[in-house]
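Quick notes on the structure that follows.
The values are calculated or read from the model by the stated rules, or taken from the named source; none is laboratory data. None of the values given here were measured: they were computed from a predicted structure. Reconstructed Cβ throughout: ideal geometry from the backbone, glycine too, with neighbour counts over all protein chains shown. When the accessible area is computed, the model is the full protein with side chains, heavy atoms only, and any ligands, DNA or RNA have been set aside. Shrake-Rupley method; radii C 1.70, N 1.55, O 1.52, S 1.80 Å.
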Amino acid sequence: MKEIIEANRSRIRAIIRKLTGGDNEDIEQEVYIKTWRNLDKYQEQGKFRQWIGLLTANVCRDYFKSSQFKQESRQVNNAEILENLRVGGRQEEIVDAKARQKIILKAVDSLPAKLRQVVIWYEFEDLSYEQIAKKTGVPVGTVKSRLFHARKILSEKLVLLKGESR
């Protein structure tokens with residue numbers, strides 16, 4: 001297990017940073033625990049680093065759904081409001097970015113399974129159309145179509161983030 005952690009630590013931390021907006025040791029530890037618990041379930045259909053990356057993304061999504069996150073958000077939001085009153089500017093941008101990330105992740109999570117998986121692999125795992133097609137067993141055109149439809153749905157759900165009105 002030590003070798004797995006050492007080989008994947010930077011990738012796991014990068015995914016956590018990308019999805020949560022910062023480092024989070026609790027999520028990182030949860031990823032290692034889930035990796036250890038589910039190692040026997042890993043099937044060599046794809047690369048291990050992709051499997052652990054998807055597991056990391058799932059742990060992040062679970063964290064956003066947790067009561068712990070909701071409680072921390074309430075506490076942080078109150079502290080951030082006070083900090084914004086004192087500091088203004090840059091801190092406000094950070095708060096906005098975190099709020100946007102939560103909204104985007106929630107929208108991705110609400111996609112149908114086939115579309116959600118393609119978005120995760122393409123946008124978060126940086127897989128190519130060909131790699132996704134190979135993993136799913138569908139033609140590259142189907143992968144592109146699913147990604148197009150997922151983006152269209154996300155665009156509609158996230159219209160408020162773009163500053164547009166319906």
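Which members of the stretch 141-166 meet the condition of being at pLDDT 90 or above and either of a type in the set (G, A, S) or in contact with an Asp or Glu (Cβ under 6 Å, 6 or more places away or on another chain) (or both)?
G141, S145, A150 - these are the residues of the stretch 141-166 that are at pLDDT 90 or above and either of a type in the set (G, A, S) or in contact with an Asp or Glu (Cβ under 6 Å, 6 or more places away or on another chain) (or both).
Name the single residue that is nearest to L105 (Cα to Cα) among those in the stretch 42-53 being out of contact with any Asp or Glu (no Cβ under 7 Å at 6 or more places or on another chain) and open to solvent by less than 40 Å² (accessible area, probe 1.4 Å).
In this case the residue turns out to be I52.
For the stretch 73-87, check the following and say yes or no: at least one residue is under 24 Å from V119 (Cβ atoms), open to solvent by 40 Å² or more (accessible area, probe 1.4 Å) and either part of a helix (DSSP H, G or I) or at pLDDT 55 or above (or both).
Taking every residue of the stretch 73-87 in turn, none turns out to be under 24 Å from V119 (Cβ atoms), open to solvent by 40 Å² or more (accessible area, probe 1.4 Å) and either part of a helix (DSSP H, G or I) or at pLDDT 55 or above (or both).
On the basis of being under 17 Å from the mean Cα position of the chain (by Cα) and modelled with pLDDT of 80 or more, does K114 make the cut?
Judged against the criteria, K114 is a match.
How many residues are outside any helix (DSSP H, G or I) and open to solvent by less than 70 Å² (accessible area, probe 1.4 Å) if we restrict to the stretch 18-41?
Residues in the stretch 18-41 being outside any helix (DSSP H, G or I) and open to solvent by less than 70 Å² (accessible area, probe 1.4 Å): 3 in total.
For the stretch 117-137, give me the residue count where each residue is modelled with pLDDT of 90 or more, farther than 25 Å from I16 by Cβ, open to solvent by 30 Å² or more (accessible area, probe 1.4 Å) and touching a helix residue (DSSP H, G or I) at 6+ places or on another chain (Cβ under 8 Å).
Residues meeting the conditions: 2.
List every residue pair whose Cβ atoms sit under 7 Å apart, with the two residues 6 or more apart in sequence or on different chains, where the first one lies in the stretch 1-16 and is over 12 Å from T35 (Cα atoms) and the second, anywhere, is among the small types (G, A, S) and surrounded by 12 or more Cβ atoms within 10 Å (Cβ to Cβ).
Between residues of the stretch 1-16 that are over 12 Å from T35 (Cα atoms) and residues that are among the small types (G, A, S) and surrounded by 12 or more Cβ atoms within 10 Å (Cβ to Cβ), the close pairs are R11/G53; I15/G53; I15/A57.
Restricted to the stretch 4-17, and to residues that are open to solvent by 20 Å² or more (accessible area, probe 1.4 Å) and modelled with pLDDT of 80 or more, which residue is farthest from F124 (Cα to Cα)?
That would be E6.
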